[in-house]
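The values are calculated or read from the model by the stated rules, or taken from the named source; none is laboratory data. Just so it is clear, the model here is predicted, and its values are computed rather than measured. All Cβ positions, even for glycine, are placed from backbone atoms using ideal geometry, and neighbour counts span all protein chains on display. For the accessible areas, the whole protein counts, side chains as well, though only heavy atoms, and no ligand, DNA or RNA atoms are used. Shrake-Rupley method; radii C 1.70, N 1.55, O 1.52, S 1.80 Å.
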Amino acid sequence: MAGKFELVTEEQGGVRIRLVNGAGHVLAVSGIYRDSAAAASGVTEIREHAATAHIADYSTPPGQ
């Protein structure tokens, strides 16, 4: 089963995007958008950039 983008209403107002894999696990959560239309536009932008995005590893190596 393919993953999906979910638009979820926040209690304090606005909408978040959740990226969910085929097993139903949340892989990523966005910041808050003002409404569903803005969040849908955010999904389009994520799709455009994700395919060519590079990994920038700012994590700390173990033991340091």
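At most 15 other Cβ atoms within 10 Å and a DSSP loop assignment: could you name the chymotrypsin sites (Phe, Trp or Tyr not before Pro) in the chain that fit? Before the final figure, lay out the partial values.
On the way: sites: Phe5, Tyr33, Tyr58; in loops: Tyr58.
Passing both the DSSP loop test and the Cβ count: Tyr58.
Could you calculate the FRET efficiency of Ser36 with Gln12 from 1/(1 + (r/R0)^6), where r is the beta carbon distance between them and R0 is 22 Å, rounded to 0.05?
0.90
Counting only GluC sites (Glu not before Pro) that sit in a DSSP loop (anything but H, G, I, E, B) with at most 12 other Cβ atoms within 10 Å, what is the longest stretch of the chain containing none of them? Don't jump to the answer; show the numbers that get you there.
Numbers: sites that count: Glu10, Glu11.
The segment 12-64 is the longest one with no such site.
Let me know the shape class of the chain, please: from the alpha-carbon gyration tensor, a ≥ b ≥ c as square roots of the eigenvalues, rounded when a/c is under 1.5, otherwise prolate if a/b is greater than b/c, or oblate. Spell out each step's value before the answer.
Numbers: a/c = 1.73, a/b = 1.60, b/c = 1.08.
Verdict is prolate for the chain.
Quick one: accessible area per residue over the chain, 1.4 Å probe, rounded to a whole number of Å²? List each step's numbers first, then the result.
Working: 5110 Å² over 64 residues.
Normalised by residue count, the accessible surface of the chain is 80 Å².
At R0 = 25 Å, how high is the FRET efficiency between Ala53 and Ala23 if r is their beta carbon distance? Nearest 0.05 is fine. Before the final figure, lay out the partial values.
Working: r = 23 Å, r/R0 = 0.92.
Between Ala53 and Ala23 the formula returns 0.60.
Determine the calculated [θ] at 222 nm for the chain from helices alone, applying -39500 (n - 2.57) to every DSSP H run no shorter than 4 residues and normalising by the residue count; nearest 500 deg cm²/dmol.
On the way: 1 runs with 15 residues, N = 64.
Calculated at 222 nm, the ellipticity per residue is -7500 deg cm²/dmol.
Find the relative contact order for the chain and round it to a whole percent, using C-alpha pairs within less than 8 Å whose residues are 6+ positions apart.
Dividing the mean separation by the residue count of the chain yields 24 percent.
First compute the accessible area of the chain with a 1.4 Å probe, then give the percent of it belonging to carbon and sulfur atoms. The partial results should precede the final answer.
On the way: 2720 of 5110 Å².
Looking at the chain in its full context, I get 53 percent from C and S.
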